[in-house]
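Engineer: After the structure tokens below, expect a handful of questions from me.
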Amino acid sequence: MIQPSPPRPGGSQWILAFLIGFSLVAFISLISLVQVTSSSAGSRLLANTVAMIADIDAALPGIETSLRESAEQGAQDPITVPNFPIPVQIARDEALTITGVDLRDRILTTSGDALYNDGVSVWANADSDARQQIGRRSTAGAVRLGIGLVGDTQHTVFLVLAVVAGLATLVFAATLAMQLSTLRRLVTLGAIVTASAVPALLVALLVRVALPSLGGGQFTDDLVDIAVDAESVAVRNFLIVSLLGFAVGAAGFAGMSMDTRAEQAA
């Protein structure tokens with residue numbers, strides 16, 4: 001017996017497919033921002049940015065000497081790390097002994113946490129000379145602007161938007177699924193997810209590959225490395241969703257093929 005051809009998608013289904021794809025890409029992009037701006041990842045990213053702009057490795061010997069002198073001569077406790085653009089306080093007794101990698105890690109960890117929680121307002125509040133030094137670098141000024149995009153408040157905003165986009169995707173997908181048979185749902189939704197995520201993945205990969213070409217000096221190279229790390233999160237997320245969409249669509253297609261063979265055999 002010849003089976004009637006399944007109905008072709010109507011205009012409303014094409015609109016739903018577009019809305020699913022659009023909201024899904026927005027959801028994945030926002031989830032990537034949520035991950036990049038989380039407390040641990042955001043503070044680490046900001047700490048790396050501080051290390052780059054302040055040139056911590058070159059400045060560390062001078063900071064170490066000045067810190068020890070301040071601890072030996074002053075009665076202040078805790079001691080504020082001198083010649084550094086972000087206020088970092090260390091107990092006086094510890095300031096007399098902390099050196100090298102331990103001091104570097106303490107400065108960067110505290111700086112990253114401060115920027116994440118309080119924003120750029122903490123930048124260059126500790127030392128006027130440090131403020132002038134950073135002000136000479138025009139690129140650093142742009143980076144300082146970017147720092148404002150990573151923080152606890154921004155993380156919350158991205159999270160709320162991601163939830164909204166995720167719920168919208170589910171609503172659109174459920175509405176479309178109710179108009180299709182079980183296996184056709186898998187094929188259609190899998191195809192929509194794949195068709196939406198793969199182009200976004202290619203764009204993210206293109207940006208990821210193109211970023212290193214923007215380097216042109218140690219400072220810019222370090223900045224590019226930080227951007228590449230952040231962009232890699234989006235690449236990973238879009239890749240996972242692309243593979244998931246392909247797997248769902250393939251499973252639905254395999255099921256439909258088995259049903260077709262079973263009907264032909266009957």
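Engineer: Quick check for you: which residues of segment 150-187 have the amide N under 14 Å from the point 7 Å beyond the Cα of residue 258 toward its beta carbon?
Structural biologist: 183-184
Engineer: Between residue 246 and residue 117, what FRET efficiency follows from the Cβ-Cβ distance if R0 is 41 Å, with the result rounded to 0.05? Let's see the in-between values first.
Structural biologist: Values: r = 41 Å, r/R0 = 0.99.
Calculated transfer efficiency: 0.50.
Read-outs: derived from the displayed coordinates by stated rules, not from any lab. All values derive from a computational prediction rather than experimental measurement. Here the Cβ is made from the backbone with ideal geometry for all residues, glycine too, and neighbour counts use every protein chain on show.
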